[in-house]
Amino acid sequence: MDEHKHESHRGLALFVGLLAVLTLVTLGAPRFEFPKVAPKVVRTAQPVAPMVDLWLSTADRKLKLERQPDIEMKPRDASPVDVVIDVQKKFQTMTGFGAAMTDSSAWLLQNKLSGLQRSALLHELYGPPPNLNLTMMRLTIGASDFSLKPYTLDDVPFGQEDPDLAHFNVTPNLRNVIPTVREVLAINPALLIVASSWTAPAWMKTSQNVIGGELLEQYEETYASYLVKYLDAYRNYGIPIYALTMQNEPSFVPITYPGMEMSASTRARVIGQYLGPKLARRKQKTRILEWDHNWSQPEQPLSVLSDPDAAKYIDGVAWHCYEGSQYAQGRVHRAYPDKDAYITECSGGDWASAAKGELIWFSRNLLVTGIRQWARGVIYWNLALDENHGPHFGGCALCKGVILVDSKTGEVSFNDEYYALAHFSKFVLPGAVRVESTATEKEHLDNVAFQNVSDGSIVLVMVNSNTEARRVSVAESQSRFEYTMPARSVATFVWNPSQAGAWMGRAY
């Protein structure tokens with residue numbers, strides 16, 4: 001018992017000593033303090049202004065669609081600007097740009113280039129950006145002045161008739177036109193083709209000749225069936241036709257190549273009673289474009305569109321550039337806003353007015369102003385001609401193509417029209433919407449703006465037709481930029497208001 005008592009005292013003493021040691025250690029240890037947290041400063045995120053890509057061409061041909069240093073956008077302030085772009089105000093949707101695959105153009109491509117040369121050229125012309133990206137084409141139904149000889153698709157011996165169209169055939173197109181178009185469709189299956197007839201077969205006409213004359217009334221329905229058979233024949237070769245014009249330049253009667261006069265009343269009757277109903281019954285839709293002639297006679301399409309039987313089958317109006325003003329397109333559009341506008345023919349050439357080149361005229365008059373006046377698509381005349389402005393049968397002796405194919409060497413060179421088209425076709429993609437931009441033509445600084453639906457990028461094409469450099473300022477939303485355009489130049493500006501979209505675009 002005494003031993004237990006002794007052990008108890010020893011344990012108590014040990015516990016007290018340990019407690020004292022712990023107390024001394026605790027008192028002597030450095031004190032820990034939680035760090036004081038400073039108030040967090042939240043900085044307002046500054047928007048990153050997009051960079052503007054720039055491509056430039058000059059009328060003196062020193063620059064041909066050359067990439068220039070990017071332009072830095074800055075926050076918009078209260079200072080005035082020349083061009084204000086408003087993407088909230090939208091106009092027509094674009095279908096694209098192109099040129100006519102005439103018999104002459106197809107013949108040159110098939111006979112003056114090797115298969116490898118032709119393939120490379122067609123990819124350059126119709127392939128997606130950075131190629132030229134042509135997305136439209138015009139074909140002639142039968143011969144035009146740019147054919148090697150006159151013909152239609154239902155020719156019979158003089159004095160004979162073929163009201164059942166038993167002799168209809170596209171044999172004249174099998175060697176050059178159809179193979180070339182099929183090659184293009186293999187590159188761009190979404191190609192939109194507008195087909196235009198220069199004349200009815202001779203036996204349907206008052207002249208009994210492919211040159212001159214008018215369509216006999218007794219053959220109006222037969223002529224409509226002739227056009228429908230063309231659509232079927234080409235579809236059988238894998239070539240769908242997007243739109244049809246019933247008669248090329250119906251108020252002009254050429255005396256050296258196939259053509260046919262067709263009054264507004266005749267066109268309205270044929271469309272309303274025959275062609276329109278025939279196309280409406282078909283599963284594959286082909287649009288009807290009225291007129292297909294110059295800006296100088298807007299009363300012609302207005303007359304046809306005033307006929308309710310014809311108007312219900314007409315999708316739009318086709319225009320040529322050789323006479324009159326582009327503002328005729330706007331006049332017809334205001335009267336019939338549900339009808340589209342297309343420019344289906346315009347040619348440059350080696351005439352006196354083109355001595356200093358045609359870049360400015362085509363960029364400003366045909367493309368910028370034509371589109372501001374509601375054109376959804378712009379189709380140049382011949383895609384390709386040779387150094388002798390041909391081959392051709394009568395008609396224009398000085399016309400130029402988008403490209404020139406040397407008939408002796410096969411060498412290909414690009415005309416001013418190529419670069420005028422390129423400033424649009426490489427950047428304004430099918431489905432793009434024209435958007436509001438300040439009109440500046442009084443300053444000889446014509447412009448038109450678009451927004452691509454695929455990535456939201458904005459495209460502004462501006463033409464300085466002044467003989468001196470001009471400083472221009474552009475604003476869009478909360479951003480702005482400035483640039484000095486060289487004398488007589490064309491510029492394409494591209495930017496994306498979305499930073500993510502800009503990064504994606506640059507990566508692409």
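The values are calculated or read from the model by the stated rules, or taken from the named source; none is laboratory data. This one's a predicted model, so the numbers in the text were calculated from it and none came from an experiment. Reconstructed Cβ throughout: ideal geometry from the backbone, glycine too, with neighbour counts over all protein chains shown. The accessibility values were calculated without ligands, DNA or RNA, using every heavy atom of the protein model including side chains. Shrake-Rupley method; radii C 1.70, N 1.55, O 1.52, S 1.80 Å.
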- line: Checking K112, K90 in turn, the sole residue that is among the charged types (D, E, K, R) and farther than 30 Å from W198 by Cα turns out to be K90
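Among the residues in region 2-20, are any of a type in the set (D, E, K, R) and modelled with pLDDT of 95 or more?
Checked against the condition, which is being of a type in the set (D, E, K, R) and modelled with pLDDT of 95 or more, region 2-20 yields no hits at all.
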- line: Subset of region 280-307, residues in contact with a Gly (Cβ under 9 Å, 6 or more places away or on another chain), among the hydrophobic types (A, V, I, L, M, F, W, C) and in a strand (DSSP E or B), comes to I288, L289
- request: Would you please list the contacts, defined by Cβ atoms under 6 Å and residues six or more apart or on different chains, that run from a residue in region 419-436 that is closer than 19 Å to D455 by Cα to a residue that is open to solvent by less than 10 Å² (accessible area, probe 1.4 Å) and of a type in the set (G, A, S)?
  value: P430/G96; V435/A449
message: Quick check on my filter: what residues within region 301-328 are touching a residue at least 40 places away in the same chain (Cβ under 8 Å), open to solvent by less than 30 Å² (accessible area, probe 1.4 Å), under 24 Å from the mean Cα position of the chain (by Cα) and within 24 Å of L279 (Cβ to Cβ)?
response: I314, G316, A318, W319, H320
query: Residues of region 405-418 being over 26 Å from M462 (Cβ atoms), open to solvent by 30 Å² or more (accessible area, probe 1.4 Å) and assigned to a strand (DSSP E or B), which ones?
result: V412, S413
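Looking only at residues in region 455-480 that are β-branched (V, I, T) and open to solvent by less than 10 Å² (accessible area, probe 1.4 Å), which one is farthest from the chain's Cα centre (by Cα)?
Residues of region 455-480 that are β-branched (V, I, T), as a first pass: 458-459, 461, 463, 467, 472, 474.
Subset that is open to solvent by less than 10 Å² (accessible area, probe 1.4 Å): 458-459, 461, 463, 472, 474.
Values: I458: 15, V459: 12, V461: 13, V463: 17, V472: 25, V474: 23 Å.
Across region 455-480, the extreme among qualifying residues is V472.
Every residue, every condition in (1) assigned to a loop (DSSP other than H, G, I, E, B); (2) at pLDDT 95 or above; (3) out of contact with any Leu (no Cβ under 8 Å at 6 or more places or on another chain), yes or no:
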| position | (1), (2), (3) |
| --- | --- |
| A186 | no, yes, yes |
| N209 | yes, yes, yes |
| G212 | yes, yes, yes |
| E220 | no, yes, yes |
| A224 | no, yes, no |
| K229 | no, yes, no |
| I239 | yes, yes, no |
| R269 | no, yes, yes |
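Quick one: would you say Y342 is modelled with pLDDT of 95 or more, surrounded by fewer than 21 Cβ atoms within 10 Å (Cβ to Cβ) and of a type in the set (F, W, Y)? Break it down into steps so the answer makes sense when it comes.
Values: modelled with pLDDT of 95 or more: yes; surrounded by fewer than 21 Cβ atoms within 10 Å (Cβ to Cβ): no; of a type in the set (F, W, Y): yes.
It is false that Y342 is modelled with pLDDT of 95 or more, surrounded by fewer than 21 Cβ atoms within 10 Å (Cβ to Cβ) and of a type in the set (F, W, Y).
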Flag if G394 is open to solvent by less than 20 Å² (accessible area, probe 1.4 Å) and either touching a residue at least 12 places away in the same chain (Cβ under 8 Å) or touching a Leu at 6+ places or on another chain (Cβ under 6 Å) (or both): no
statement: Note on region 419-430: residues open to solvent by less than 40 Å² (accessible area, probe 1.4 Å), part of a loop (DSSP other than H, G, I, E, B) and in contact with a Ser or Thr (Cβ under 6 Å, 6 or more places away or on another chain) are F427
query: Within region 265-286, can one find any residue that is open to solvent by less than 10 Å² (accessible area, probe 1.4 Å) and either polar (S, T, N, Q) or closer than 29 Å to D386 by Cα (or both)?
result: no
- prompt: Restricted to region 114-139, and to residues that are out of contact with any Ser or Thr (no Cβ under 6 Å at 6 or more places or on another chain) and polar (S, T, N, Q), which residue is least open to solvent (accessible area, probe 1.4 Å)?
  reply: T135
- prompt: In region 195-205, is there at least one residue being open to solvent by 30 Å² or more (accessible area, probe 1.4 Å) and part of a helix (DSSP H, G or I)?
  reply: no
query: In region 440-454, what count of residues is obtained for those that are touching a helix residue (DSSP H, G or I) at 6+ places or on another chain (Cβ under 8 Å) and surrounded by fewer than 16 Cβ atoms within 10 Å (Cβ to Cβ)?
result: 1
